[in-house]
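Below you'll find the structure, written out as structure tokens, and then a few comments.
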Amino acid sequence: MSAAANSEPKERLATIALVASCIGIVLGPLGCVPGVVCGHIARRRIARSGGKGAGLTTAALIIGYVFLAAWTLLLTFFVLTIGMR
């Protein structure tokens, strides 16, 4: 039997969280928020089960929060800029 057959699969929700957070680059909060939510759920599942995917989950949360903050600052800037006209 190979080592791959004995290893636990990665938490699927961690991968979904990473993809959703990365899609947040284009879709803004519509991608970031689901990525962050899925990341927190995946992190809780991994902590309970001891499964794999903690690195993916951490990356998803970092990317999701960074892009969410960037989109928030960008939208705030545009609202303030348009409001000053």
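No value in this document is a laboratory result; all are computed from the given coordinates. Since the model is a prediction, treat every value here as computed from it, not as a measurement. Positions of Cβ are backbone-derived with ideal geometry, glycine not excepted, and every protein chain shown enters the neighbour counts.
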Number of positions in region 41-64 that are assigned to a helix (DSSP H, G or I), within 13 Å of residue 18 (Cβ to Cβ) and not β-branched (Val, Ile, Thr)
9
Pairing a residue in region 62-85 that is within 11 Å of residue 29 (Cβ to Cβ) with any residue that is outside any helix (DSSP H, G or I), where Cβ atoms lie under 7 Å and the two sit 6 or more apart in sequence or on different chains, gives 71/28
Looking at region 42-53, can you tell me whether even one residue there is without any contact (Cβ under 8 Å) to a residue 40 or more places away in the chain, surrounded by 13 or more Cβ atoms within 10 Å (Cβ to Cβ) and aliphatic (A, V, I, L, M)?
yes
